[in-house]
Amino acid sequence: VQLVESGGGLVQAGGSLRLSCVASGSILSIKAMGWYRQAPEKERELVAAVSNDGTTYVVDSVKARFTISRDNVKNMLYLQMNSLKPEDTAMYYCAARTIPGSFDYWGQGTQVTVSP
């Protein structure tokens with residue numbers, strides 16, 4: 001499975017961005033996809049995920065502002081981020097899970113920077 005993210009950038013606080021991730025390769029082996037982020041000197045955290053049955057998870061800290069969606073026809077994963085805050089600044093990674101329990105495929109990441 002190969003994952004390529006796009007859509008990051010520099011935005012002012014209160015602005016919006018939509019991250020995209022295109023999956024290729026062994027698509028049929030994917031059981032779930034998600035977005036992680038990692039800010040400097042912080043641990044990587046799961047931001048949102050969606051499984052093949054459509055079940056979604058969004059971390060509480062962004063639940064009112066971020067939406068995850070998936071287009072299985074286009075093999076795309078999206079993260080709509082609204083009302084961005086400086087603390088959302090991080091590298092955002094697309095991930096795919098083909099085995100139980102953990103995400104095992106990762107994209108290269110796309111940087112999101114939110115200025116005050």
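The values are calculated or read from the model by the stated rules, or taken from the named source; none is laboratory data. Worth saying up front: this structure is predicted, and the values here are computed from it rather than measured. Heads up, the Cβs are rebuilt from the backbone with ideal geometry, glycines too, and the neighbour counts pull from every protein chain shown. To get the accessible areas, we keep the full protein, side chains included, count just its heavy atoms, and leave off ligands, DNA and RNA. Shrake-Rupley method; radii C 1.70, N 1.55, O 1.52, S 1.80 Å.
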- Query: Where in the stretch 101-116 is the amide nitrogen less than 17 Å from a point lying 7 Å along the Cα-to-Cβ axis of Q12?
  - Reply: 113-116
- Message: If R₀ is 25 angstrom, what is the calculated FRET efficiency for the pair D53 and Q80, using the beta carbon separation as r and rounding to 0.05?
- Response: 0.75
- Item | the stretch 20-27 - phi-based ³J(HN,Hα) in whole Hz, Karplus 6.51/-1.76/1.60, Gly and Pro as x | 10, 9, 9, 9, 9, x, 7, 4
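Under a point-charge model restricted to the Cβ atoms of Lys and Arg (+1) and Asp and Glu (-1), what is the dipole moment magnitude of the chain relative to its Cα centre, in debye to the nearest 20? Intermediate values should be presented prior to the final figure.
Working: 11 positive and 10 negative charges, 41 e Å.
In debye, rounded to 20, the chain gives about 200.
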- Counting only protein heavy atoms and rolling a 1.4 Å probe, one gets per residue an accessible area for the chain in Å² of 54 Å²
- Query: Between V1, A23, V73, whose Cα lies farthest towards the positive end of the dipole of the stretch 1-74 when Lys and Arg beta carbons carry +1 and Asp and Glu beta carbons carry -1, centred on the Cα centre?
  - Reply: V73
- Query: For the chain, what is the per residue volume of the convex hull drawn over the alpha-carbon atoms, in cubic angstrom?
  - Reply: 94 Å³
- Per-residue ³J(HN,Hα) for the stretch 33-44, Karplus 6.51 cos²θ - 1.76 cosθ + 1.60, θ = phi - 60°, Hz, x for Gly and Pro: 9, x, 10, 10, 9, 9, 8, x, 6, 10, 6, 5
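Carbon-plus-sulfur fraction of the accessible area of the chain, 1.4 Å probe, in percent? Provide the component values of the computation, followed by the final result.
Numbers: 3150 of 6220 Å².
Result for the chain: 51 percent of the exposed heavy-atom area is carbon or sulfur.
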